[in-house]
Amino acid sequence: MNDKTQKPSGPDAGRESGSSLYKGRDPARRERPARPKTRSNSGSGAPSRAAPEGSDAAPSGAARGGPYRGRNRGEAGGEVPARLPYRKSSGGDAKPAKRPPHKPAENAASAADRAPAGSGRSKWAPGTETLANAARAVARISFSGRTADDALTTFDTAKDRSAIRAITLGTVRWYIRLTAVLDQLLERPEKLEPEVRTLLATALHQIEYSRNPLHSTVDAAVDATRVIQQDRTAGLVNGVLRRFTREKAQLLARADESLASRTAHPQWLVDEIQAAWPAQLESILDGNNGHPPMVLRVDTSRVSVADYIAELAAANIEGKALPWAPTAVQLSQAAAVTALPGFNEGRVSVQDAAAQLAAPLLDAKPGMRVLDACAAPGGKTGHLLEHTPGLAELVAVDIEERRFGRVRENLERLGRTATLVPADVSQPDTWWDRKPFDRILVDAPCSSTGVIRRHPDIKLLRRDTDSETLATTQLAILDACFRMLAPGGRLLYATCSVLPAENQEVVIEFLNRTRRARALPVTLAAQVPGAQSAGPGVQFLPGAEAGTDGFHYACVEKTTGGS
């Protein structure tokens, strides 16, 4: 399936958004569907108002504050789609091709002004503007290639921003399955304007994956066509959604004949995961659609894990230690970071348990000089400083200077200091002072295919050619960092990818062409439940026993002899 669209042209353009695009009976009749007695909810319970970013969980109808997020699209860590308000009165394989940027409709205040004056009813069905704004955000992701965070920035000050975010991320999570259904319902889906297509997708998501009353979703979606200035499609939206409710079982069954569609993944990614991890294929795909636990990193130089769990219990927050991650506490339910004892004072941070293994695997000692390459937003930087007080220096480098704001914020909260260098780490001649590093962490740029559960937009933004390009960049970074490594020093290579082309294949090629490089065992990582051997390194997979993100670690030593 192809989401590439174009505006209808010709004398019938004004009518194409009506019944001529719709498979089924005339959609112009806007009948109110019967109210179901109950609707199931696929979520795991609504978290507190400041759930970790990367989750599409949000309080129902919430409009509250900002989340906390972590490194490499997934250090911080479900889906309860936001419920649209109930309306009592009567009166809707996505692999985006490269295309010119889609320009969504601007603020639709003028459309709102067209609501009937003195009619005794609100301008729109409750939840209309929330649904419309979610559709706009989904269009920016699926048609313009923007990240979810970027696409949602417009709504940062909206009172319903949490609901917009929840609907957007939920729709994106299941977008490929939802559009497989839409393509069965539309005669010419390629003729739809992007925001109409994504409005239909968001409405289908709310019908299928939320507890929102069916009729209020349909009412809101129909009204939302006017908010996005696509009035002529109101009949089409009504007809499509009504037909979906009548034929849902058959439509979903046909869509689910394909594993890629059923699990809402692009076919190329399913193929690559199957080739790499055939025995774990379905558990990985299902894991990508799940919701990660909220895991905390305790600064054990200031408080023990056991004592911190007791503090949580006193605050009515349940947590447990993870025996294989010495600083980790996993919460039974997500909590607002402001509710966490000691968070503002830097005694605890939010970080996935797999990411917490970087510092102990690097094994820096007091007095050593350490480089954190690709450091932003600073989660692992902070952990390195917590893990080894008394470092001679920690230098944190990242190519994007604007991201150092997050690094500074994190370090300030933790009460730690580091030398921050905005630079391309693969070009050491432009910034390196020629003093070697005893330890180097390379948290390499990657496809982030291990953290899809936190960032479902990865399904729509990645391409099958990305790994090849990324591997070239990763090797350049490894070559440059190895030059800066002291003899006898250790380099830890990490990614949040599950694809061998970015992991063991890169490390093996580097070892084969670098005479003084020797692989070291990653014993601690190998002891994690469900860990997989991956060449000289270890791979964690989503959906595995440990419940971590997908993560890869490999360790390399620079020998003291040879050339």
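What follows draws every value from the coordinates through simple rules; no lab data is involved. These numbers were taken from a predicted model, which means no experiment stands behind them. Virtual Cβ from ideal backbone geometry, glycine too; neighbours counted across all protein chains shown.
Tabulated data
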{"quantity": "Globularity index of region 335-444, i.e. its alpha-carbon radius of gyration over 2.2 N^0.38 Å", "calculated": "1.05"}
{"quantity": "Residue order, fewest to most surrounding Cβ atoms within 10 angstrom, among Val556, Val407", "calculated": "Val407, Val556"}
{"quantity": "Cβ-based exposure ranking for Val425, Val337, in which fewest neighbours within 10 Å come first", "calculated": "Val337, Val425"}
{"quantity": "Cut-off under 5 Å, modelled amide H: who pairs with Leu322 long-range", "calculated": "Ala328, Gln330"}
{"quantity": "Projected label distance in nm at Glu190 and Asp231, using a 7 Å step from Cα toward the beta-carbon", "calculated": "3.0 nm"}
{"quantity": "Restraint check, Lys320/Lys365; Lys159/Lys459; Lys159/Lys191; Lys123/Lys159, Cα-Cα greater than 23 Å", "calculated": "Lys320/Lys365; Lys159/Lys459; Lys159/Lys191"}
{"quantity": "DSSP-loop GluC sites (Glu not before Pro) across region 210-297, with at most 10 other Cβ within 10 angstrom", "calculated": "Glu257"}
{"quantity": "For q = 0.09, 0.13, 0.14 Å⁻¹, Debye-computed log10 I/I(0) when each Cα of region 353-558 counts as one equal scatterer", "calculated": "-0.31, -0.68, -0.80"}
{"quantity": "Backbone HN-Hα couplings from phi across region 177-188 [Karplus 6.51/-1.76/1.60, Hz, Gly and Pro as x]", "calculated": "5, 5, 6, 5, 6, 4, 5, 7, 9, 10, 5, 9"}
{"quantity": "Long-range HN-HN contacts of Leu420 with modeled amide H, under 5 Å", "calculated": "Ala396"}
{"quantity": "Ala313 versus Gln333: modelled label distance in nm, points set 7 Å from Cα along the beta carbon direction", "calculated": "1.9 nm"}
{"quantity": "Filtered GluC sites (Glu not before Pro), region 353-458: DSSP coil and at most 15 other beta carbons within 10 Å", "calculated": "Glu400"}
{"quantity": "Separation in nanometres of the label points that stand 7 Å from Cα toward Cβ, at Asp464 and Trp431", "calculated": "3.6 nm"}
{"quantity": "Hz values of 3J(HN,Hα) by residue in region 146-155 - Karplus curve (6.51, -1.76, 1.60), Gly and Pro given as x", "calculated": "8, 5, 4, 4, 5, 5, 8, 4, 3, 9"}
{"quantity": "For region 224-240, Karplus couplings with θ = phi - 60° (6.51, -1.76, 1.60), whole Hz, Gly/Pro x", "calculated": "5, 4, 7, 5, 8, 6, 10, 3, 5, 8, 4, x, 4, 4, 4, x, 4"}
{"quantity": "Extension gain, Ser304 back to Asp256 (0.36 nm per residue minus Cα-Cα distance, nm)", "calculated": "12.5 nm"}
{"quantity": "For region 122-256, Kirkwood radius (reciprocal of mean inverse C-alpha pair distance, Å)", "calculated": "14.6 Å"}
{"quantity": "Neighbour-count ranking [beta-carbon atoms within 10 angstrom, fewest first] of Phe244, Phe510", "calculated": "Phe510, Phe244"}
{"quantity": "Under-5 Å amide H pairs with Leu520, H placed in peptide plane, nonlocal only", "calculated": "Cys555, Val556, Glu557"}
